[in-house]
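Notes to accompany the following structure.
The values are calculated or read from the model by the stated rules, or taken from the named source; none is laboratory data. In this text, all values refer to a predicted model and were calculated from it rather than measured experimentally. FYI the Cβ positions are ideal-geometry reconstructions off the backbone, even for glycines, and counts take in every protein chain you see.
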Amino acid sequence: SQSAHKIVALFVGLFCLFLLAPVQMAPTPASMCTPLKTLNDSLSHRRRYMKHNFPINYTIRVHQHEVFKLSNISRMRLQVEGLDELVLQRLWFQVNQGVLKKILRVMPERHPSRPYTAELEIRFRDAEGVFVHSHPAEVFQQELPEVIQDTWDHLTEEPDRVPESRWRYASPKSLLDNFCHTMHCLFSECFASKEAQQDYCSVSYWRKGRKKDLEPES
């Protein structure tokens, strides 16, 4: 009968929804961890290439939203209830794409840190490629929460249309510190320690002793 068909269709629909739900809420796909760990290996040398090869107190001009710290992530989580981690991960890629471009742009061809930064950008793009391919396309078409969309819109503005008040000056080293810390926070499954559970999103974690395994050259 027609009503029986409707009930079957309803059960099939609910079952499909049940199957889809874990996909939307899934943690970082395992495939992401390899390129992110490779990126992390490169970032462990950032002190040498981003501090020692630049003049003291050297800074570059970046968009205010490209100074993307753990505190920005905490604030966004407070502003948007139940904020999907995937949204923050997308924003992380958008922010750091701009950061790497700006660092590269200030380096002459023969700058001693240029090959390192170019390699870092390639590894970043590799990770971004895996990130995009490990999620269904419709995930990237979903509407973003307003606070995230505002940030996104500012980041993608034409540079000559950005008001002077929105530019900030930051050292290349501090930008890559932010890059590293926020990566561990947003993709924590890839960096989980075998010892006690670490809170990579906590500022105090990064302050205490500057983890030697993460910054071997410091």
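If the condition is being surrounded by 15 or more Cβ atoms within 10 Å (Cβ to Cβ), in contact with a Ser or Thr (Cβ under 9 Å, 6 or more places away or on another chain) and part of a helix (DSSP H, G or I), then the stretch 106-123 contributes Tyr116, Leu120, Arg123. Please go through the stretch 126-146 and pick out each residue that is assigned to a helix (DSSP H, G or I) and surrounded by 14 or more Cβ atoms within 10 Å (Cβ to Cβ). Of everything in the stretch 126-146, those that are assigned to a helix (DSSP H, G or I) and surrounded by 14 or more Cβ atoms within 10 Å (Cβ to Cβ) turn out to be Asp126, Ala127, Glu128, Val130, Phe131, Val139. The set of residues from the stretch 53-104 being surrounded by 15 or more Cβ atoms within 10 Å (Cβ to Cβ), assigned to a helix (DSSP H, G or I), more than 16 Å from the chain's Cα centre (by Cα) and among the aliphatic types (A, V, I, L, M) comprises Ile103, Leu104.
Surrounded by 15 or more Cβ atoms within 10 Å (Cβ to Cβ) and either in contact with a Pro (Cβ under 9 Å, 6 or more places away or on another chain) or modelled with pLDDT under 90 (or both): is that true of His184 in this structure? Criteria not met by His184. Here the stretch 147-174 is the region considered, the condition is being under 30 Å from Asn53 (Cα atoms) and aromatic (Phe, Trp, Tyr), and the residue that is surrounded by the most Cβ atoms within 10 Å (Cβ to Cβ) is Trp167.
Specify the residue that is farthest from Leu91 (Cα to Cα); the eligible residues are those in the stretch 155-172 that are under 17 Å from the mean Cα position of the chain (by Cα) and part of a helix (DSSP H, G or I). Only one residue tops the list, namely Pro172. Contact map, the stretch 154-166: first residue under 14 Å from Val62 (Cβ atoms), second residue part of a loop (DSSP other than H, G, I, E, B) and not polar (S, T, N, Q), Cβ cut-off under 8 Å, separation 6 or more or different chains; pairs are His154/Val162.
Is it fair to say Leu175 is modelled with pLDDT of 95 or more and either under 24 Å from Arg90 (Cα atoms) or part of a loop (DSSP other than H, G, I, E, B) (or both)? Full working, then the answer.
Values: modelled with pLDDT of 95 or more: yes; either under 24 Å from Arg90 (Cα atoms) or part of a loop (DSSP other than H, G, I, E, B) (or both): yes.
So Leu175 fits the description; yes.
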